[in-house]
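First comes the structure, then the notes that go with it.
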Amino acid sequence: MNIHLKKALRARLIAVASFLAIALILPVFIWLNHDNPALRWVSLVVWWLPLMFAIPGMFKGKTYTYGWTGFVILLPFFYAFFYITEPEKIVWSSVIVVLSVIYFLMSVSYVKQFALSQGVKTNADAKKVKGIE
């Protein structure tokens with residue numbers, strides 16, 4: 001196993017762990033933030049549900065999934081960052097913000113290291129691997 005593949009697998013493991021932690025912590029944080037039951041459910045649908053679409057691709061190790069979830073992870077990041085100034089919510093929101101940043105960095109690292117392990121170093125190499133050129 002080459003070094004890039006080892007780095008990619010390590011980054012993927014950290015990314016999955018942080019993503020699952022966010023997926024478990026975020027609904028609790030949302031539930032505790034809102035007193036109105038209707039607002040709780042709307043917040044869960046808007047802020048948490050989009051994360052669930054990524055789980056099958058993440059466990060299959062699809063680099064495309066890790067690429068687009070870098071954008072989706074902004075949802076819990078922004079939600080938690082909004083509450084980071086409230087003293088009673090600073091711990092939960094800080095944990096979600098830090099986990100979101102860790103996930104983003106590790107997902108980018110996984111995609112890059114996996115590409116390097118496959119011998120892809122430039123965009124032209126990537127097009128050759130995909131059969132575009």
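How many residues are surrounded by fewer than 16 Cβ atoms within 10 Å (Cβ to Cβ) and closer than 22 Å to Phe71 by Cα when one looks only at region 29-49? So the answer is 5. Pairs are defined by a Cβ separation below 7 Å, a sequence spacing of at least 6 or placement on different chains, a first member in region 103-119 that is on the phi < 0 side of the Ramachandran plot, and a second member that is of a type in the set (D, E, K, R); the pairs so defined are Tyr110/Arg12; Gln113/Lys7.
Looking only at residues in region 81-128 that are in contact with a Phe, Trp or Tyr (Cβ under 7 Å, 6 or more places away or on another chain) and not aromatic (Phe, Trp, Tyr), which one is surrounded by the most Cβ atoms within 10 Å (Cβ to Cβ)? Among those that are in contact with a Phe, Trp or Tyr (Cβ under 7 Å, 6 or more places away or on another chain) and not aromatic (Phe, Trp, Tyr), it is Ser107. Scan region 5-28 for residues that are of a type in the set (Lys, Arg), exposed (fewer than 15 other Cβ atoms within 10 Å of the Cβ) and under 18 Å from the mean Cα position of the chain (by Cα) and the total you get is 1. Does Ile55 count as free of Cβ contacts under 8 Å to residues at least 60 places away in the same chain, surrounded by 15 or more Cβ atoms within 10 Å (Cβ to Cβ) and within 26 Å of Lys6 (Cα to Cα)? So Ile55 fits the description; yes. Evaluation of Ser94 against the conditions (1) under 18 Å from Val28 (Cβ atoms); (2) under 10 Å from the mean Cα position of the chain (by Cα) shows that the sole unmet condition is (2). In region 10-51, how many residues are under 24 Å from Thr63 (Cα atoms) and free of Cβ contacts under 8 Å to residues at least 40 places away in the same chain? Number satisfying all stated conditions: 11.
Each value in this text was obtained by applying a stated rule to the coordinates, not by laboratory testing. Computed from a prediction, not measured in an experiment: that's the story for all the values here. Backbone-built Cβ (ideal geometry, glycine too); neighbour counts: all protein chains shown.
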